[in-house]
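Each value in this text was obtained by applying a stated rule to the coordinates, not by laboratory testing. Quick caveat, the model's predicted, so the values are computed rather than measured. Cβ coordinates were reconstructed from backbone atoms using ideal geometry, including for glycine residues, and neighbour counts include every protein chain displayed.
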Amino acid sequence: MDAVQCRAGTTQLAHLLKHYLASGTPMTPVRGLVFIGDAIEENTDTLEQLAGQCRLKSQPLFLFQEGNDPRVGAHFGTLARLSGGAHIKFESGSADKLRELLGAVVRFVSGGHKALTSSGRESDKMLLSQLPGP
């Protein structure tokens, strides 16, 4: 989380996922990508192929959906499942919930399922419920 960025405009998920897949090395892997958004405006077939590549490299996607658009939710859910990650909805006014969920992601990428299971935090339980088993 050295360089958190927020950009308004049309989504650029494909560009982001390609960069994610090219990042890291075996010695310094990138273990997770967090995306917070409310729309998908790209070819979903392309995004699904990239999400599958993320799973092959053990690089899950953590997609946090702002709002309740069911089409976006379905696509985020598919991308999360294909990558081995998670999709969670939150309301725009719930900064505390988002902060807790981001903490859960950090615990997961640093300690795996065991770290989430042992913490007892609600945010960890929520994230754990979305992730595939170990």
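Quick notes on this one:
- Debye intensity ratio I(q)/I(0), log10, segment 54-125, q values 0.16, 0.17, 0.25, 0.27 Å⁻¹ (C-alpha model): -0.59, -0.66, -1.18, -1.23
- In segment 20-124, GluC sites (Glu not before Pro) in a DSSP loop with at most 12 other beta-carbon atoms within 10 Å: Glu41, Glu91
- Result for the chain in a Gaussian network model with C-alpha springs under 10 Å: among Gly67, Gly111, Gly77, the largest mean-square fluctuation is at Gly111.
- Shown is the FRET efficiency for His15 and Lys97, computed with R0 = 25 Å from the Cβ-Cβ distance and rounded to the nearest 0.05: 0.35.
- Here segment 62-102 is scanned for amide nitrogen atoms under 18 Å from the site 7 Å beyond the Cα of Glu41 along Cα-to-Cβ, giving 65-73, 75-76.
- Read-out Cα Rg over 2.2 N^0.38 Å, derived from the coordinates shown; its label in [x] 0.99; [y] 1.07; [z] 1.23: [x]
- Sequence-distant contacts, meaning Cα pairs under 8 Å at least 6 residues apart, place the relative contact order of segment 13-130 at 21 percent.
- Under 22 Å of direct C-alpha separation, and excluding same-chain neighbours fewer than eight residues apart, Lys89 reaches these lysines: Lys97, Lys125.
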